[in-house]
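Scroll down for the structure; my scribbles are underneath it.
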Amino acid sequence: MKPLTEMTPEAGSTLKRNRVWFKAFQQRYLYMMSLPFVIWIFIFSYVPVWGWITAFQNYKPKDSLFDQKWVGFQNFIELFQDERFYIVLRNTLAMSTMGLIVGFTIPILFALLLNEMKGQLFKRSVQTISYLPHFVSWVVVAGLVYKMLSTDGGAVNQLLMWLNIIDQPIQFMAKGDLFWGIVTVSDLWKEMGWNSIIFLAAMAGIDPELYEASTVDGAGRFRKMWHITLPGIRTTFMVLFILSIGHLISIGFEKQFLLGNPLVSDYSEVLDLYALKYGIQMGRYSYGTAIGIFNSVVSILLVFIANGIYKRVTKETVI
């Protein structure tokens, strides 16, 4: 004879479905508020995926999508046989990796220093000044960089000559081996303050009692940062880091397009510029779409690989 409290599998699944629908009804206003954003993502992120089929065609704008000539993987074969593609891929990975390392370490250090400041007025003033460059257009930033590194009265050359480090001005923007560093430093100046905001928010959520207990135990300021603050923001750091790894291939083109010139094209051209040049300017739309598919597939793989490594090491997962 079965106990009265024992529940059949069918009844258990029904009860679970009822709970899900009941919770959804309770949160119906939240779902309604999120609906416009879901529609926006669907229209601009999922509907365009339909255009991926042009990568397997010899697309001509004069014909409809289904009247195009199908070429299979020919565009991808041409892509991987192009020597320029590997130069562009090298530039993309080099600049994105440098930006990833510098763009995380410096903002975290900056956030740690701001978090240790006692004067609230000075702290807020420094924080506000630091993230203001985020709102400046890359067109303006590129103009400032060109002016600072100019051989004709540029501040950097003037300072180096005043310190007797160099005898004559250096043409920074004409040296390809310096271009990656220039882009990384420029991006750091522009985004450092903005990127530190989320780390400051994570630090604000750490329990103050942990700091009080460590003070009683005799821990200094640096030990508190190392044993309390940094472990307290580890989850936030890893989530942002893994998501940023997914953008190693798709880093945009604004910085490289505005700071680059024909003298450094072998170091400044990235995959997005490569797709723009061959896909739009030369009218090879199918070839440009193939480059975009390569970017998307590699980005997804990088995210899953990074998440898998993080899960294996820490027994936690982001995705």
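The values are calculated or read from the model by the stated rules, or taken from the named source; none is laboratory data. Treat the numbers as computed from the prediction; the structure is a model and nothing was measured. Glycine also receives a Cβ, built like all others from the backbone with ideal geometry; neighbour counts cover every protein chain displayed. Surface areas here come from the heavy atoms of the whole protein model, side chains and all, with no ligands, DNA or RNA. Shrake-Rupley method; radii C 1.70, N 1.55, O 1.52, S 1.80 Å.
Between F135 and I165, what length in nm is gained on full extension when 0.36 nm per residue of separation is reduced by their alpha carbon distance?
7.4 nm
Kirkwood Rh over alpha-carbon pairs of the chain, then Stokes-Einstein at 20 °C and 1.002 mPa s: what D in µm² s⁻¹, rounded to an integer?
88 µm²/s
How do D82, D167, D63 rank by accessible surface area computed with a 1.4 Å probe, from largest to smallest?
Ranked from most to least accessible, the order is D167, D63, D82.
Could you pull out every one of the lysines with an alpha carbon less than 24 Å from that of K62, ignoring same-chain neighbours closer than 8 positions?
Within the straight-line limit of under 24 Å, K62 reaches these lysines: K277.
Be a star and scan the range 265-305 for residues whose amide nitrogen sits under 19 Å from the point 7 Å along the Cα-to-Cβ vector of W50.
Only 286, 289-290, 293 pass the distance filter.
Mind listing which chymotrypsin sites (Phe, Trp or Tyr not before Pro) in the range 24-118 are in a DSSP loop and have 12 or fewer other Cβ atoms within 10 Å?
F73
How much of the accessible area of the chain, in percent, comes from carbon and sulfur atoms when a 1.4 Å probe is used?
Within the chain, the accessible surface is 67 percent carbon and sulfur.
Given 0.36 nm per residue, what is the gain on full extension from F66 to T235 after removing their alpha carbon distance, in nm?
Full extension of this stretch gives 56.1 nm more.
With respect to the cross-link table entries K118/K255; K123/K175; K123/K255, which display a Cα-Cα separation exceeding 32 Å?
K118/K255; K123/K175, as the Cα separations exceed 32 Å there.
Given points 7 Å out from each Cα along the Cα-Cβ axis, report the K315 to H227 separation in nanometres with one decimal.
About 2.2 nm separates the two model spin labels.
Starting from the Cα of N261, step 7 Å along the direction of its Cβ; do the same at A155; then give the gap between the two resulting points in nm.
Placing both labels 7 Å along Cα→Cβ, they lie 2.0 nm apart.
What number comes out for accessible area per residue over the range 231-302 if the probe is 1.4 Å? Units Å², please.
Accessible area per residue, the range 231-302: 46 Å².
Points 7 angstrom from Cα along the Cβ direction at L89 and M117: gap in nanometres?
With each label placed 7 Å out from Cα toward Cβ, I get 4.5 nm.
Subtracting the Cα-Cα distance from 0.36 nm times the residue separation, let me have the gained length for E254 to R19 in nm, one decimal.
Result for the pair: 79.7 nm of gain on full extension.
Along the range 246-256, what does the Karplus equation 6.51 cos²θ - 1.76 cosθ + 1.60 (θ = phi - 60°) give for ³J(HN,Hα), rounded to whole Hz, x for Gly and Pro?
x, 9, 4, 8, 9, 9, x, 9, 4, 4, 5
Taking the alpha-carbon centroid of each part, what is the distance from the range 252-319 to the range 105-123 in angstrom?
First find each Cα centre; the distance between them is then 33 Å.
So, for the range 45-148, what is the accessible surface per residue at a probe of 1.4 Å, expressed in square angstrom?
Result: 62 Å² per residue.
With a cut-off of at most 10 other beta carbons within 10 Å, and DSSP calling the residue loop, which trypsin sites (Lys or Arg not before Pro) in the range 11-73 qualify? Please list them.
For trypsin sites (Lys or Arg not before Pro) across the range 11-73 that sit outside H, G, I, E and B with at most 10 neighbouring Cβ atoms in 10 Å, the list reads K62.
To the nearest 0.05, what FRET efficiency results for A174 and I106 with a Förster distance of 25 Å applied to their C-beta separation?
So, using R0 = 25 Å, E works out to roughly 0.40.
Based on the Cβ-Cβ distance of V38 and A201, what FRET efficiency does E = 1/(1 + (r/R0)^6) give at R0 = 22 Å, to the nearest 0.05?
Approximately 0.30, to the nearest 0.05.
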